[in-house]
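Asker: A single structure is presented below for examination.
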Amino acid sequence: MKQRVLWMFSAMAALLVSYVLCRHVLFGLHWMGQWPLVLFLFGVFLIAVSAPFDARKVMVCTVMGYLLGFVLCVLFGHSYYASVGVMPNGEALLVPRHNGWAFWTFTYLACIVLGIVWEIAGRVRAK
């Protein structure tokens, strides 16, 4: 039981460090405010659910998927300005946007699914 709790808190700490780096330190690379937090909270939930089942591979893949998704977001994402309205003087109100959320999300989910498959395959093989 102590090992499971240790793995859970270690994975959550690694995910927290990843979140702080990706969301706050490297914010200028992706301009996303809320989406990194949503992905982080989903990862914390997933790690907490994985801990009672001793699914260490899922925990590792969750953290690695967050980081790999961020890297792919930065590499393949595109920054642009979007019009969100019109100012009183008639000029368009432009705000910065980044479409890397799709790369980040799909990579993150793919890594989590791979971790689940890897965990199940390892348990089947052990039997």
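Asker: Please give the length that would be gained between Val17 and Val117 if that part of the chain were fully extended, namely 0.36 nm times their separation in residues minus their C-alpha to C-alpha distance (nm, one decimal). The partial results should precede the final answer.
Answerer: Values: separation 100, 0.36 × 100 = 36.00 nm, distance 2.57 nm.
Roughly 33.4 nm would be gained on extension.
Asker: With labels modelled as points extended 7 Å from the Cα through the Cβ direction, what inter-label distance (nm, one decimal) is found for Ala82 paired with Leu6?
Answerer: A separation of 4.6 nm, rounded to one decimal place.
Asker: Could you calculate the FRET efficiency of Val49 with Ala92 from 1/(1 + (r/R0)^6), where r is the beta carbon distance between them and R0 is 41 Å, rounded to 0.05?
Answerer: On the way: r = 45 Å, r/R0 = 1.09.
The formula returns an efficiency of 0.35 here.
Asker: Could you bin all the Cα-Cα distances of the chain into 10 Å bins starting at 0 and give me the percent of pairs in each, rounded to whole numbers?
Answerer: It works out to 13, 37, 26, 14, 6, 3, 1, 0, in whole percents.
Asker: Also: Could you compute the FRET efficiency for Ala102 and His24, with r as their C-beta to C-beta distance and R0 at 22 Å, rounded to 0.05? Intermediate results must be reported in sequence, preceding the final value.
Answerer: On the way: r = 21 Å, r/R0 = 0.98.
The pair Ala102/His24 has a calculated efficiency of 0.55.
Asker: Using only the alpha-carbon atoms, how far is helix 35-50 inclined from the longest principal axis of the chain? Give it as 0 to 90 degrees, nearest 10.
Answerer: 10
Asker: Follow-up question, since we're still on this one. For the chain, what is the charge dipole size about the Cα centre, in debye to the nearest 20, if Lys and Arg each add +1 at the Cβ and Asp and Glu each add -1 at the Cβ?
Answerer: Details: 9 positive and 3 negative charges, 130 e Å.
Magnitude of the dipole: close to 620 debye.
Asker: For the chain, what does -39500 (n - 2.57) per DSSP helix run (n ≥ 4), summed and divided by total residues, give at 222 nm, in deg cm²/dmol to the nearest 500?
Answerer: Details: 4 runs with 82 residues, N = 127.
That calculation yields -22500 deg cm²/dmol at 222 nm.
Asker: Once the dipole of region 2-126 is set up with Lys and Arg at +1 and Asp and Glu at -1 on Cβ about the Cα centre, which of Leu29, Ile47, Pro96 lies farthest towards its positive end?
Answerer: The residue sitting farthest along the positive end of the dipole is Ile47.
Asker: Using only Cα atoms, tell me the angle between helix 100-126 and the longest principal axis of the chain; keep it within 0 to 90° and round to the nearest 10.
Answerer: Result, in degrees: 10.
Asker: Using each residue's phi in region 63-79, evaluate 6.51 cos²θ - 1.76 cosθ + 1.60 at θ = phi - 60° and report the 3J(HN,Hα) Karplus result to the nearest Hz, with x for Gly and Pro.
Answerer: 5, 5, x, 4, 5, 5, x, 5, 4, 5, 4, 6, 5, 10, x, 10, 8
Asker: Using θ = phi - 60° and the Karplus curve 6.51 cos²θ - 1.76 cosθ + 1.60, what whole-Hz ³J(HN,Hα) does each residue of region 83-99 get, with Gly and Pro shown as x?
Answerer: Once rounded to whole Hz, the list reads 7, 10, x, 10, 6, x, 7, x, 7, 6, 8, 9, 10, x, 9, 8, 8.
A short reminder: the numbers here are calculations on the coordinates, not readings from a lab. What you see is a predicted model, and the numbers here were worked out from it, not measured in a lab. Cβ atoms come from the backbone with ideal geometry, glycine included; neighbour counts cover every protein chain shown.
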